Amino acid sequence: GEILVHRLFLSLDPAMRGWMRDLKSYIPPVKVGEIMRGGTICEVVASKHAGFKVGDVVQGAMNEGWTEFAIQKGKATQKLPPIPGLPLSAFLGVLGGTGMTAYFGLLRVGVPKAGETVLVSGAAGATGSVVCQIAKILGCKVVGIAGGSEKCRWLKEELGLDGTIDYKAANGDPEAFQQMLRQNLKGGVDVFFDNVGGMILNEVLRRLNMHARVVICGAISGYNEEDPRKVPAPSNYLSLLTMRAKMEGFIVFDYVKEFPIAVQQLASWINEGKLAFKEDVRDGLENATDSLKQLYTGGNKGKLVIKVGDRMTSSASSNL
């Protein structure tokens, strides 16, 4: 009942830093000496499972993702649906974990309504950029926070955001950043989708509207802090009380049974020209470590993916 897979693409994600910490979390940490986990797209090169044939393209198991080959149980393997016109790597990004995170985090936790103002931190990232576009599709006013004029220009000119804020221009000064928020959010914030945490989260709490929803997707600003107690806690949390607002975290795996529905909807928006995505594909598993570090400094441009290898089987016999 097992299959032998050859990895084609490996996803690099901010959550990987958390997986290396020996702290209580939604998933056990990767122990010292173990193979690093990660989402992958693979081809089947040998099969002893009736449901899979050589050449099938599948979603690899998360455990031990940083390898070129792996043996995995057929019952734990998902064959990818055929979606013409999209690269296989899209199943690690806009149609994979980042797309699912954006889709369910915004729609189920943020619950935006047409006409509301949605603010997104890490807006030019793989998840944030999808959140921004879904919010626009739903008829919301969307403002994105990103680092650098180039990213802000892309968000406004290519993705059609209503406004952008270059947090780097504040040079870490909370009051300067607060002034940027005032200028771009004169009507306040109804939904804040946060990927960053730290000073950005703390200052945005001061701009919440009545019954606002704060979606805690990540806190990349503090991921490299060795002692989590040193990560700044939001001192403006009383805004949640006075504005009758809520701040809620979520884990995308809670919605795994609904992933196929989300994939279909996201693919439909892509085909309709309503949803764009950007990928940053790097060659070679040996470059994964250095590439991962760039996620925490903003050195990537789009969803960061490692191309592990070329296909060994004929795509003619594949489901993709």
Against the definition (touching a Cys at 6+ places or on another chain (Cβ under 9 Å) and either closer than 30 Å to Ala135 by Cα or open to solvent by 40 Å² or more (accessible area, probe 1.4 Å) (or both)), how does Thr101 come out, yes or no?
yes
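Going through segment 199-220 one residue at a time, which ones are open to solvent by 80 Å² or more (accessible area, probe 1.4 Å) and either out of contact with any helix residue (DSSP H, G or I) (no Cβ under 8 Å at 6 or more places or on another chain) or at pLDDT below 95 (or both)?
Here is the first cut: in segment 199-220, the residues open to solvent by 80 Å² or more (accessible area, probe 1.4 Å) are 206, 210-211.
Listed by number, the residues that qualify are Met210, His211.
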Return a yes/no flag: does segment 79-88 have any residue that is over 30 Å from Gly298 (Cα atoms) and touching a Pro at 6+ places or on another chain (Cβ under 9 Å).
yes
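With the condition being open to solvent by less than 30 Å² (accessible area, probe 1.4 Å), I'd like the strands (runs of 3 or more DSSP E) fully within segment 236-317 carrying at least 3 qualifying residues. Give the steps one after another, and end with the answer.
Working: elements: 246-249, 279-283, 303-307.
Result: 303-307.
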Answer from Ile83, Ile71 - the residue that is out of contact with any strand residue (DSSP E or B) (no Cβ under 9 Å at 6 or more places or on another chain), farther than 30 Å from Leu201 by Cβ and modelled with pLDDT under 95:
Ile83
Scan segment 111-146 for residues that are surrounded by 24 or more Cβ atoms within 10 Å (Cβ to Cβ) and over 19 Å from Thr164 (Cβ atoms) and report the count.
0
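Regarding segment 77-91, can at least one residue be identified that is outside any helix (DSSP H, G or I), open to solvent by 50 Å² or more (accessible area, probe 1.4 Å), farther than 30 Å from Leu138 by Cα and in contact (Cβ under 8 Å) with a residue 40 or more places away in the chain?
We begin by selecting, within segment 77-91, every residue outside any helix (DSSP H, G or I); these are 77-87.
From what is left, the residues that are open to solvent by 50 Å² or more (accessible area, probe 1.4 Å) are 78-79, 81-82, 84-85, 87.
Okay, now just the ones that are also farther than 30 Å from Leu138 by Cα, so 78-79.
Adding the requirement that they be in contact (Cβ under 8 Å) with a residue 40 or more places away in the chain leaves 79.
Yes: one or more hits.
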Show the residue pairs meeting these rules: Cβ distance below 7 Å; 6+ apart or different chains; first residue within segment 128-140 and aliphatic (A, V, I, L, M); second residue surrounded by fewer than 24 Cβ atoms within 10 Å (Cβ to Cβ) and assigned to a helix (DSSP H, G or I).
Ile137/Trp269
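The values are calculated or read from the model by the stated rules, or taken from the named source; none is laboratory data. For clarity, every value in this text was computed on a predicted model and none was experimentally measured. So basically every Cβ, Gly included, is an ideal-geometry build from the backbone, and we count neighbours across all protein chains shown. Side chains are part of the model used for accessible areas, which takes the heavy atoms of the whole protein and leaves out ligands, DNA and RNA. Shrake-Rupley method; radii C 1.70, N 1.55, O 1.52, S 1.80 Å.
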